[in-house]
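The values are calculated or read from the model by the stated rules, or taken from the named source; none is laboratory data. Treat the numbers as computed from the prediction; the structure is a model and nothing was measured. Here the Cβ positions follow ideal geometry from the backbone for every residue, glycine too, while neighbour counts run over all protein chains shown.
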Amino acid sequence: MTELLIKKIYNWVDERYQVTDLTGFFTKKTVPVHKHFVWYYLGGITLFLFIVQVATGILLLFYYKPTAAEAYESVKFITTKVEFGWLVRSVHSWSANLMVFSAFVHLFSTFFLKAYRPPRELTWVTGSGLLFIVMGLGFTGYLLPWNELSFFATKVGTQMAGAVPVAGEYLRTILRGGDEISDATITRFFALHVMVLPIAAVSLLGLHLIMVQFQGMSEPLSSAKDPVKKTMKFFPNFLLRDLVVWLLILAGLMVLSIMFPWELGKKADPFAPTPFGIKPEWYFLWMFQTLKYIPAKIFMFDGEVLGILGFGAAGVGLVLLPFIDIWARREKRNPVFSILGVFTIIYMLFMTYLAYFGPQK
Amino acid sequence: MEQTKITRREFLNYVLGGGILALLGSAGYPIVRYITPPKGVETQASSVVAAKVGELAPDAGKIFKFGDKPGILINSPTGELVAFNAVCTHLNCTVQYDSRAKSILCACHNGRFDLNGKVISGPPPRPLEKYDVNIRGEDVVVSKTA
Amino acid sequence: MKKVQMHKKVSISILVLLALSAPCCMAQEKDYCVECHKTLDGSAKEPVDKISHDVHSKRGLSCADCHGGDRTKEDFDEAKDPAKGFIGRPKRNEIPGFCGKCHSDPAYMRRYNPNIQTDQLAKYMESQHGKLNAQGDQKVAVCISCHDVHGIREKADPRAPIFITNAPMRCASCHADKEYMKDYSIPTDQMEEYSHGVHGEALLKKGDRGAPACHSCHGSHDAALPRAIAVGNVCAQCHSLTRDLFAKSPHKAAHDRMGIPECEACHGNHKIARTSDEMLGTGPGSVCEKCHKEGSSPYIAATSMKTSIETLKGDIKDTESMVKDAERMGIEVSETKYFLDEANNSLTKSRTYVHTFSKETVAGIAKEGIDLALKAKDKARKAIGEFNFRRKWLAAVIGIILLLAAVLYLKIRNMEKT
């Protein structure tokens, strides 16, 4: 009976807006099936977590107050007095971290499967942009509870921005809203976190999804050469599978949010000395640790500046990857890129490990 | 007879539908409770309803909870309502209103404060933190001074 | 014409004379005491070095204002002329009279500070120091022993020897010196005891200027022992509530009758140890047992009071650990902590009301505290219950989600079979 109802509504809409072309496209779309099929889920997982973030973020907006005087108290109010506030906040914090992780896994899987080769270059470019936006959302959001950890982590993070040559000081002042982390910082971080970055994310995401839908999923080089191609219909088969995965992720998220609730921490005191061993969030740690190991001076250049420039160059390299990897363009493998990818993963993991367990200077 | 037997497909669809509804319910209920403003507490964690209008007679005081610390609300002999942080600035005992001396006393070491919170005598080194008092309808609302 | 010229001449001359005399009028009148003594060495030069921060010299007074003589005279004999009132260096036990010359003269002192006390000399004469001084004792404290000489700082100056955080050291400079005090029959361990007691630690270690120094209990100029009958009054300057309770209790009459000082009998005088519940009731640290025999009704009262307090302490401790658990689980506990704080206030109050020595009173106050602690415990229990509820709720939700995922999976299988 529900099917009849759905059909009736569909016809009503179709009569007015001719959606059959679009829906026809969807029903025809297929997804290639091969041994690396499982990685196709990662993009959807990241999207799901993003939706969770937007929903919990909107709920938090109902009670959060973005000033230095009230931020911490408002978060305390949410977690202690608002019904299910503790849950909304805990989910928002956990989902943020899971989303960053998922974005990185999605990045590396598409890297190794060379999904960025033509005709999908711009999908990769928008994807890299999305990664930077997601990390920006993480960085700006982390300050908002205005607790000790977030205050000092932001202090360290914005300090690094100052190391950019020429524009560094100005950039740091723009980020901080002044010379120091203050009330001015929290309001602009709030603006970035709640408006600027989400709008940018949604725009790029829209493009990214349209491109994926239009061009279909990329096939890995190994199966692209197979004469016999197994496929699966996108709607409803792949989509339903996607939903199963999303449900499992949701279950995991709930377990983490309830069994390991996110701490409130201590309210930030701008006049207190920096606590020993302060670190940024885990997804920035590999960069943070790298900068620690660069010597203070390399020839006549400031070590930190070189490090920042290095990261900048890596970022540019990441975005332009489809245009750099000319072998992939010719549907050929190049071991250099594979080794580079593996090395990057090991490097990031190792640096992160050292940041937590190495000598705490 | 085949038509009355539910096919596996239809059965699955029913269970699926039921499951989706259950999930939506268990997500929707917390959301609805969340956006309902909590009763009895100020959305500001830094203000509190200390008493009802008329509850305190002139020349009397009352200890109330402010956050996780005690506060003291005093109806002065002239009928003016004042409120302070009730934690003595000497060694953190809770102060009280002394209606005989018309001042605030800390019984631990005889520290005394006037009705502006300033130290009159005894060991306290600093005045008591003063709070703002406002009447809102039936409520006497005490809040941190901006 | 002539008259105008004459006027002009006179006025010009006057102006010239004034101009010529200006330098010598403008210049500071020389203080020849200082001028001469600053060229000397050692103890003769010391006064000059010190008067720069002296409270007297800041008000325009100088050597001759105390020692007599004429400061405007450069010549030694003229400056130190006894006819001009030159006293020179007074003998040690003449010093109180020397300072008292001005300081006990209200009319004189009013010119400088209308509110300064002028009874120091009179008080000193009544003090232990003053009495010995009058007998000719050369070692006993005089004004300069505490106030220093030539470089006298105001009482409110933290560098002054009499500034409250410095004062105990000043008294101890004689009173803790065994060699110096060997001719006197009083102990020399007061500073040692005091610095290890609560008052000494508060003043000397924590810098709490509300804590008493030696003169707070013994007096400064009128320093003497308070005598047993006055000890209670002395302590009551700060501990008035406790003293009032004691005064209303049967202990006061008993102490007065036996001539035992009130507070000191149990708490000591200089080494006042941090009070502990061990002092109450019976047991190794008990002070009650010092006088009261086992089985006597005071003994029973002591035991009962101790029990009330121990019960309250136990309840508070239980609640505290429960609150800590709840906090760890991420539950809001500020209201619970508030009641716990109030229970701790009751504990302090019940310890204070021990001084009524009435087991009913103490039990009553302890009960208030116990009720509060139990209220807090109840809240903490609810908070932990809340956490358990959340976990159950989680299990239910996970169940729904996993069920749904499984059904979906079956649906996919079912769909793809055809």
Q. How many residues are more than 14 Å from the chain's Cα centre (by Cα) and either basic (Lys, Arg) or within 17 Å of B:Pro124 (Cβ to Cβ) (or both) when one looks only at segment B:75-93?
A. 9
**Q.** Filtered residue count, segment C:52-90, keeping only those that are free of Cβ contacts under 8 Å to residues at least 12 places away in the same chain, assigned to a loop (DSSP other than H, G, I, E, B) and over 37 Å from the mean Cα position of the chain (by Cα)
**A.** 2
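Select, from C:Ile272, C:Ile331, the only residue that is among the hydrophobic types (A, V, I, L, M, F, W, C), within 14 Å of chain A (Cβ to nearest Cβ) and not in a helix (DSSP H, G or I).
Values: C:Ile272 fails: within 14 Å of chain A (Cβ to nearest Cβ).
The conditions single out C:Ile331.
Is it the case that C:Gly283 is modelled with pLDDT under 90, surrounded by fewer than 20 Cβ atoms within 10 Å (Cβ to Cβ) and outside the structural domain of C:His239 (by TED's automatic domain parsing)? Full working, then the answer.
Details: modelled with pLDDT under 90: yes; surrounded by fewer than 20 Cβ atoms within 10 Å (Cβ to Cβ): yes; outside the structural domain of C:His239 (by TED's automatic domain parsing): yes.
Yes, satisfied.
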Q: Would you confirm whether any residue within segment C:363-379 is within 14 Å of chain A (Cβ to nearest Cβ) and at pLDDT 85 or above?
A: yes
Q. Restricting the first residue to segment C:155-169 and requiring it to be in contact (Cβ under 8 Å) with a residue 12 or more places away in the chain and closer than 16 Å to C:Cys217 by Cα, which pairs with a second residue that is surrounded by 17 or more Cβ atoms within 10 Å (Cβ to Cβ) and small (Gly, Ala, Ser) meet a Cβ separation below 6 Å and a spacing of at least six or different chains?
A. C:Ile164/C:Ala213; C:Ala167/C:Ala213; C:Pro168/C:Ala213
Q | Those residues of segment A:54-99 which are touching a Gly at 6+ places or on another chain (Cβ under 9 Å), away from chain C (no Cβ under 14 Å) and either without any contact (Cβ under 8 Å) to a residue 60 or more places away in the chain or crowded, with 19+ Cβ neighbours inside 10 Å (or both), in sequence order | A | A:Gly57, A:Leu59, A:Leu60, A:Tyr63, A:His92, A:Ala96, A:Leu98, A:Met99
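Tell me which residues, restricted to segment A:257-312, are assigned to a loop (DSSP other than H, G, I, E, B), of a type in the set (A, V, I, L, M, F, W, C) and either touching a helix residue (DSSP H, G or I) at 6+ places or on another chain (Cβ under 7 Å) or surrounded by 13 or more Cβ atoms within 10 Å (Cβ to Cβ) (or both).
Filtering segment A:257-312 down to residues assigned to a loop (DSSP other than H, G, I, E, B) leaves A:260-266, A:268-281, A:294-296, A:299-300.
Narrowing further to those that are of a type in the set (A, V, I, L, M, F, W, C): A:260, A:262, A:264, A:268, A:271-272, A:276, A:278, A:294, A:296, A:299-300.
A:Trp262, A:Leu264, A:Ala268, A:Ile278, A:Ile294, A:Ala296, listed by residue number.
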(Q) Checking the condition in a helix (DSSP H, G or I), within 30 Å of C:Thr319 (Cβ to Cβ) and among the polar types (S, T, N, Q), which residue from C:Asn388, C:Asn414 passes? (A) C:Asn388
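Among the listed residues C:Val34, C:Val55, C:Val10, C:Val16, which satisfies the condition of being at pLDDT 90 or above and either surrounded by fewer than 16 Cβ atoms within 10 Å (Cβ to Cβ) or under 27 Å from C:Asn113 (Cβ atoms) (or both)? Please lay out each step first, then the result.
Numbers: C:Val34 fails: at pLDDT 90 or above; C:Val10 fails: at pLDDT 90 or above; C:Val16 fails: at pLDDT 90 or above.
C:Val55 is the lone residue from the list that is at pLDDT 90 or above and either surrounded by fewer than 16 Cβ atoms within 10 Å (Cβ to Cβ) or under 27 Å from C:Asn113 (Cβ atoms) (or both).
Mind telling me which of the residues C:Lys382, C:Lys337, C:Lys313 ends up being within 14 Å of chain A (Cβ to nearest Cβ), touching an Asp or Glu at 6+ places or on another chain (Cβ under 8 Å) and assigned to a helix (DSSP H, G or I)?
Working: C:Lys382 fails: touching an Asp or Glu at 6+ places or on another chain (Cβ under 8 Å); C:Lys313 fails: within 14 Å of chain A (Cβ to nearest Cβ).
Matching residue, one of C:Lys382, C:Lys337, C:Lys313: C:Lys337.
Scanning segment C:249-269 for residues that are closer than 12 Å to C:Phe357 by Cα and touching a helix residue (DSSP H, G or I) at 6+ places or on another chain (Cβ under 7 Å), which turns out nearest to the other protein chains (Cβ to nearest Cβ)? Step through it out loud before you land on a result.
First, pick out the residues of segment C:249-269 that are closer than 12 Å to C:Phe357 by Cα: C:249-252.
If we keep only those that are touching a helix residue (DSSP H, G or I) at 6+ places or on another chain (Cβ under 7 Å) as well, we get C:249, C:252.
Working: C:Ser249: 17, C:Lys252: 19 Å.
The qualifying residue nearest to the other protein chains (Cβ to nearest Cβ) is C:Ser249.
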(Q) Need pairs with beta-carbon distance below 6 Å; first residue surrounded by 13 or more Cβ atoms within 10 Å (Cβ to Cβ) and within segment C:96-124, second aromatic (Phe, Trp, Tyr); sequence gap 6+ or separate chains. (A) C:Pro96/C:Tyr124; C:Cys102/C:Tyr108
Q.
If B:Ile135 satisfies all but one of (1) closer than 20 Å to B:Gly67 by Cβ; (2) away from chain C (no Cβ under 14 Å), what's the number of the condition it fails?
A. (1)
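Listed residues B:Ser46, B:Ser103, B:Ser99, B:Ser143; which is touching a helix residue (DSSP H, G or I) at 6+ places or on another chain (Cβ under 7 Å), surrounded by 13 or more Cβ atoms within 10 Å (Cβ to Cβ) and away from chain C (no Cβ under 11 Å)?
On the way: B:Ser103 fails: touching a helix residue (DSSP H, G or I) at 6+ places or on another chain (Cβ under 7 Å); B:Ser99 fails: touching a helix residue (DSSP H, G or I) at 6+ places or on another chain (Cβ under 7 Å); B:Ser143 fails: touching a helix residue (DSSP H, G or I) at 6+ places or on another chain (Cβ under 7 Å).
Within the list B:Ser46, B:Ser103, B:Ser99, B:Ser143, the selection yields B:Ser46.
Determine whether A:Gly317 is away from chain C (no Cβ under 14 Å) and either of a type in the set (Ser, Thr, Tyr) or surrounded by 14 or more Cβ atoms within 10 Å (Cβ to Cβ) (or both). If you could, list the steps in order and put the result at the bottom.
Details: away from chain C (no Cβ under 14 Å): yes; either of a type in the set (Ser, Thr, Tyr) or surrounded by 14 or more Cβ atoms within 10 Å (Cβ to Cβ) (or both): no.
No: the conditions fail for A:Gly317.
Report the residue count in segment C:109-134 for those that are among the β-branched types (Val, Ile, Thr) and either touching a Pro at 6+ places or on another chain (Cβ under 6 Å) or more than 21 Å from C:Cys66 (Cα to Cα) (or both).
Here is the first cut: in segment C:109-134, the ones among the β-branched types (Val, Ile, Thr) are C:116, C:118.
After this cut, where a residue has to be either touching a Pro at 6+ places or on another chain (Cβ under 6 Å) or more than 21 Å from C:Cys66 (Cα to Cα) (or both) as well, the list is C:118.
The total comes to 1.
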Q | Filtered residues of segment B:114-136 (kept if free of Cβ contacts under 8 Å to residues at least 12 places away in the same chain and assigned to a loop (DSSP other than H, G, I, E, B)) | A | B:Asp114, B:Lys118
Q: Quickly run through segment B:78-94 and pick out the residues that are buried (at least 19 other Cβ atoms within 10 Å of the Cβ) and more than 11 Å from chain C (Cβ to nearest Cβ).
A: B:Val82, B:Ala83, B:Phe84, B:Asn85
Q. Here are some conditions: (1) in contact with a helix residue (DSSP H, G or I) (Cβ under 8 Å, 6 or more places away or on another chain); (2) closer than 16 Å to A:Ser218 by Cβ. A:Val38 meets all but one. Which one does it not meet?
A. (1)
Q) Across segment B:27-41, which residue is nearest to B:Asn134 (Cα to Cα) among those that are surrounded by 15 or more Cβ atoms within 10 Å (Cβ to Cβ) and modelled with pLDDT under 85? A) B:Val41
